[in-house]
Amino acid sequence: MKPSLKLTNAIHILIYISTTDQKATCSSKEIAASVNTNPSRIRALMADLQSAGIIERLGDHFSRPVLAKPAAAISLADVLQAVDPNPGVFPLDNKVSDDCPIAQQVNPVLSTYYEEIDRALIEKMAEINLENILQDVNQRAGTNLCVISGVSNEK
């Protein structure tokens, strides 16, 4: 995973959606204020999350985002793949010398190791779900900020 805030921001969005009363508005502007970013960035991430089936919208014109499935069924790997479909922990240096025999071998050798690291990381992320994160947020806050029940019944 390249150094990117997409995953962190997407998880923040999911936590925000989970903490907001189902009857309250939950606009990209409100979420952006919490994340401290631009509403257009939030809308783009929410579109990715919606395309992946992680969130959905309730209502018509001014629809409200909700989790599309229970928090326990949404893994960190799911969220990562929704917002960054081609993650990689370490990038390869594509500007090495074509004339150097060492440089010609470094990327092919490192890519094997890097792919192994990426697979292990995704497997670990698949074990951690949004419910785990919501419980940890509640514990750290010392209160129930987050509704952990999952899917809304308002459909």
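The values are calculated or read from the model by the stated rules, or taken from the named source; none is laboratory data. Owing to the predicted nature of the structure, the values given are computational and were not obtained by experimental measurement. Ideal geometry is used to build each Cβ from the backbone, glycine not excepted, and the neighbour counts take in all protein chains shown. The area values use the complete protein model at the heavy-atom level, side chains included, leaving out ligands, DNA and RNA. Shrake-Rupley method; radii C 1.70, N 1.55, O 1.52, S 1.80 Å.
With charges set only on the Cβ (+1 for Lys and Arg, -1 for Asp and Glu), what does the dipole of region 50-107 come to about its Cα centre, in debye to the nearest 20?
Dipole magnitude for region 50-107 comes out near 340 debye.
Given the C-alpha centroids of region 1-49 and region 109-139, what is the distance between them in whole angstrom?
What the calculation gives is 20 Å, centre to centre.
Using the heavy atoms of the protein chains and a 1.4 angstrom probe, tell me the accessible area per residue for region 1-81 in square angstrom.
Ligands and nucleic acids excluded, the figure is 50 Å² per residue.
Counting pairs of alpha carbon atoms under 8 Å apart in space and at least six apart in sequence, what relative contact order in percent does the chain give?
Taking the mean separation of contacting Cα pairs over the length of the chain, I get 30 percent.
With every protein chain left in place, what is the accessible area per residue of region 87-135 in square angstrom, probe 1.4 Å?
72 Å²
For region 33-107, which whole percent of the accessible surface, found with a 1.4 angstrom probe, sits on carbon and sulfur atoms?
That fraction is 51 percent.
For the chain, what does the helix formula give at 222 nm: sum of -39500 (n - 2.57) over DSSP H segments with n ≥ 4, over the residue count, nearest 500 deg cm²/dmol?
Counting only the DSSP helices, I get -17000 deg cm²/dmol.
Considering lysine pairs in the chain that are 8 or more places apart or on different chains, how many have Cα atoms under 28 Å apart?
15
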